[in-house]
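Before any comments, here is the structure.
The values are calculated or read from the model by the stated rules, or taken from the named source; none is laboratory data. Everything quoted here is computed from the prediction, not taken from an experiment. Every residue, glycine among them, receives a Cβ derived from its backbone with ideal geometry; neighbour counts consider all protein chains shown. Each accessible area value is taken on the protein alone, full model and side chains, heavy atoms only, with ligands, DNA and RNA left out. Shrake-Rupley method; radii C 1.70, N 1.55, O 1.52, S 1.80 Å.
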Amino acid sequence: MEYKFKEIESKWQKKWAAEGTYKVTEDPSKPKYYVLDMFPYPSGAGLHVGHPLGYIASDIYSRYKRLKGFNVLHPMGYDAFGLPAEQYAIQTGQHPEVTTEKNTARYREQLDRIGFSYDWDREVRTCDPAYYKWTQWAFLKMFDSWYDPAKNCARPISELVERLSTEGYEDITPQIWNSASEKEKSDILMRWRIAYQGETSVNWCEGLGTVLANDEVKDGLSVRGGFPVEQKKMKQWQLRVSAYAERLLEGLDRLDWSDSLKEMQRNWIGKSEGTEVVFNVECDGKTTPVTIFTTRVDTIFGVTFMVLAPESELVGTLTSAAHKDEVDAYVKEVRKKTERERISETKSVSGVFTGSYGINPLTGEKVPVWVSEYVLAGYGTGAIMAVPAHDSRDYAFAKKFNLPIVPIIEGCDVSESSFDAKEGKMCNSGFLDGMDVKQAIEAAKDYAEANGIGHRKTNYRLRDAIFSRQRYWGEPFPIYYKDGIPTPVDEKDLPLALPEIDSFTVSSNGEPPLARAKDWTYKGWPLETSTMPGFAGSSAYYLRYMDPHNSEALVSREADEYWKSVDLYVGGTEHATGHLIYSRFWNKFLYDLGYVCCDEPFKKLINQGMIQGRSNFVYRIVGTNTFVSYGLKDKYETTEIHVDVNIVHNDRLDLEAFKAWRPDYADAEFVLEDGEYVCGWAVEKMSKSMYNVVNPDDICDSYGADTLRLYEMFLGPVEQSKPWDTKGIDGVNRFLKKFWRLFYDRDGWCVTDQEPTKAELKALHKLIAKEQEDIENFSYNTTISAFMIALGELGDCHKRAILEPLTVLLCPFAPHIAEELWEALGHTQSCTKATYPEYVEAYTVEDNVTYPVQFNGKMRFTVEMPKAATPAEVEAAVRQLPKTAQYVGEQSIVKVIVVPGRIINIVVK
RNA sequence: GCCUUGGUGGUGGAAUGGUAGACACGAGGGACUUAAAAUCCCUUGGCCCGAAGGGGCUGUACGGGUUCGAGUCCCGUCCGAGGCACCA
């Protein structure tokens, strides 16, 4: 009987769906395990063979954990709000909901064919009002909270209001607060709300008609669409992510994530510990204190000038009348530049003198104050002290404008470039002279604090997240404007559903699409017209999976306390500084308010590598319709042309399929080598334009889902990026056929009840041990190798006692075939609910072991010893060896260490 | 420039500091077959010796080091991938 994968796979997929095999409920009698995939954005192109890589890996892990007795939550859903559907809507008039629905159905179809063990009853879609109700709810909670630095967590805003009206807070006294109008109170509270509205410089993308977050912009272009992005001041909703900077940073230490990913987040958060120092600046006879931030107070004796950011509010007050025109012109010039231009002009140095002078608080020395775009307004205080001798940027500036360069580290050479390293001995630095740089940094900080010149200060690079998008296809803000004051919609009126509109473009007066909606009001007042960004819906979806149908809460306390947090999260590294920061922030916020019980959402994270495409080429002789094979192409003048990889097998072109591929090639002629047309190849991104997209459906058609699953894992380590090459797939397909033949030979069912031999038990148990270890380490490719080896060792074994556990071992990788064989073995319950076979060490232990003995790397002997021999007995045996093994020169063997199955380690004295 | 990674046959890739190249693909040879498919067996890092069984040398980007022993650990160099980049 043959292995008919098509029948088997569709049979079991139907059965799993009909019987709800993967439905999961909270079961306190079993330990829980939560395995999550980053849910996909359902794009119009459908899945290619690279997308399911992570899904397969997590599915194998889920199935393995289930066999091990865990109650596994393994859900799937769709990140369905987003720009592509809206762009498509603008072009075609098709409602994004329609496109999204269509794409989602297609995704589901493709996913189902691969045999994933998702509990689809728990599916979530971010564009579903029942889902985004909770996104809006969380926003309202953030609007209604502030970050209390004393308690180091988010608290209800009412506590702040209470404090403002009684004792005051920061610069707001009770008098100010109590006499403030409603509008003024609203403005004051915006300074502390976690979700707040504020004027900021934003990344404005004209091409998309919306603002973008920093991680949605790359090299001055939008990630989606590649349109230019410029800086623009706008009033925007923002999330006070920066309040959580320290906790986001410190929480990383407790996470089981890759070092590189943690490092990316650390860089993004960008903690730097330094000192704020006050310089008095004299301008036209007036003195203004200016606070600067530096991480190198130790270099303060080397300050030769100061620099302000062009956008700094101080520029006006610190510019002398004589220099006003020049400074104004410069600032205006800089404002005009887009982010993109600033980036590309990184190398050029520009700036202008303000006419004012700062007084070095330590030396009393007067230094000129300049304005330059190399100082950023958004970081630190927007003003710096410049130490050209020990900072490369200050150095470049000093060189350009002929400012003095004063070295303060002994023996350093600053004739060509600055000396930035934190090493050496201090000089020209008063009380710091003679100290080591690292010592001096601390000493200078202490001195500044002790003498009231400055104080220690920690800065973070992490900025608040801009949360408004001038788009249609996103969550509406549950905010309306009562007398122009942003006011929250009542919680009981959530979800605030997206209104229907006639066109998806920006309205004629530049307002977002929602402004087109008829009656977009609440209690008679206008509603907010921007919508939330893509990361809003994906920030807490893992919580919703725990309790997806709850209409009373995002997640019930019981469900949350049972599932706690995601134990294993699998997804791409591209979300390192976006989704993975926002989710952690969102979760910590909900944790502060007591809605969830875990402070970190994703305990362990595996980044699956990208699958690249492997393109094929044909070579057309210039000016003809004749194609020459790869090996002969250098004899002609040819053009390289991408050819669809689906009509190429093992780099050999299917000539008939090629002629049929495109009308132009119908009468193509070929110059062959050895009767075949050999194609060239290259590794490129998998994309339609390269004709290298491989569809998982096609693989399922010709080899089956089980083969696809095995092959994707067999390609190499999950974390590694690698090109897809269908050529090796026969190997794993053969393995499955071979596996099948252990149960069915030419004459049919051939499983016997014979007792297994010792060798067979050994092969089985070696595999059990290997699989357990490998799966826990996500080393799936070596598990599959181990399977192949085990099959070789088992030979023609048709014994039930071996085949039964073997089937269970195979189940996580190739569930369909495992189910089919499990059923044939007489089981009525699904193989996915079987119990994982127990590893028995005794079966794999060898009686006698041959130990190779190596000495001085050259002489090699072997001793055969019983497995149970003690090191002393082995040593004795080694001493029986020829004399040269025991003595080399004056050295003698004093100790022998036995490493079972390996080599003997001889320690000599 | 900084940070994080990685560099092993024709290819994908294995190797707790202990016989490098497992497993698979591809290639070559053979068996079965009228033939093909399917299946099975043998060879397969390079160089060399031997009629053969077999044996020798060399080899994990490059140069050093630690070690009885290094693909693996340490230092330096080169190359690739990813991230950050006037963040004071």
Those residues of segment A:818-835 which are part of a helix (DSSP H, G or I) and surrounded by fewer than 19 Cβ atoms within 10 Å (Cβ to Cβ), in sequence order = A:823, A:824, A:833
Filter segment A:26-42 down to residues that are touching a residue at least 40 places away in the same chain (Cβ under 8 Å) and surrounded by fewer than 16 Cβ atoms within 10 Å (Cβ to Cβ) and give me whichever is nearest to residue A:608 (Cα to Cα).
-> A:31
Among the listed residues A:290, A:217, A:223, which satisfies the condition of being crowded, with 16+ Cβ neighbours inside 10 Å and more than 12 Å from RNA strand B (Cβ to nearest atom)?
-> A:290
On the given criteria, is residue A:640 in a helix (DSSP H, G or I), charged (D, E, K, R) and surrounded by fewer than 18 Cβ atoms within 10 Å (Cβ to Cβ)?
-> no
Segment A:172-220, residues that are assigned to a loop (DSSP other than H, G, I, E, B) and hydrophobic (A, V, I, L, M, F, W, C) | A:180, A:192, A:194, A:208, A:213
Mind counting the residues in segment A:836-860 that are at pLDDT below 95 and in contact with a Lys or Arg (Cβ under 9 Å, 6 or more places away or on another chain)?
-> 11
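Any residue at all in segment A:730-743 that's modelled with pLDDT under 90, more than 10 Å from RNA strand B (Cβ to nearest atom) and part of a loop (DSSP other than H, G, I, E, B)?
no
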Go through segment A:554-575 and give me each residue that's among the β-branched types (Val, Ile, Thr) and part of a loop (DSSP other than H, G, I, E, B).
-> A:555
Residue among A:387, A:352 that is without any contact (Cβ under 8 Å) to a residue 60 or more places away in the chain, open to solvent by less than 20 Å² (accessible area, probe 1.4 Å) and not charged (D, E, K, R) = A:352
Within segment A:792-802, considering residues that are more than 8 Å from RNA strand B (Cβ to nearest atom) and part of a helix (DSSP H, G or I), the one most open to solvent (accessible area, probe 1.4 Å) = A:793
Hey, could you check segment A:259-275 for residues that are in a strand (DSSP E or B) and more than 6 Å from RNA strand B (Cβ to nearest atom) and say which is surrounded by the fewest Cβ atoms within 10 Å (Cβ to Cβ)?
-> A:273
How many residues does segment A:176-204 hold that are out of contact with any Lys or Arg (no Cβ under 9 Å at 6 or more places or on another chain) and open to solvent by less than 30 Å² (accessible area, probe 1.4 Å)?
-> 5
Checked A:134, A:146 against criteria (assigned to a strand (DSSP E or B), surrounded by 21 or more Cβ atoms within 10 Å (Cβ to Cβ) and modelled with pLDDT of 95 or more); the one match is A:146
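So that you can scan it fast, the table gives a plain yes or no per residue for (1) within 13 Å of RNA strand B (Cβ to nearest atom); (2) open to solvent by 40 Å² or more (accessible area, probe 1.4 Å); (3) within 26 Å of residue A:450 (Cα to Cα):
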{"site": "A:412", "(1), (2), (3)": "no, no, no"}
{"site": "A:415", "(1), (2), (3)": "no, yes, no"}
{"site": "A:425", "(1), (2), (3)": "no, yes, yes"}
{"site": "A:429", "(1), (2), (3)": "no, no, yes"}
{"site": "A:433", "(1), (2), (3)": "no, yes, yes"}
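Any chance segment A:703-711 includes a residue that's closer than 19 Å to residue A:652 by Cα and open to solvent by less than 60 Å² (accessible area, probe 1.4 Å)?
no
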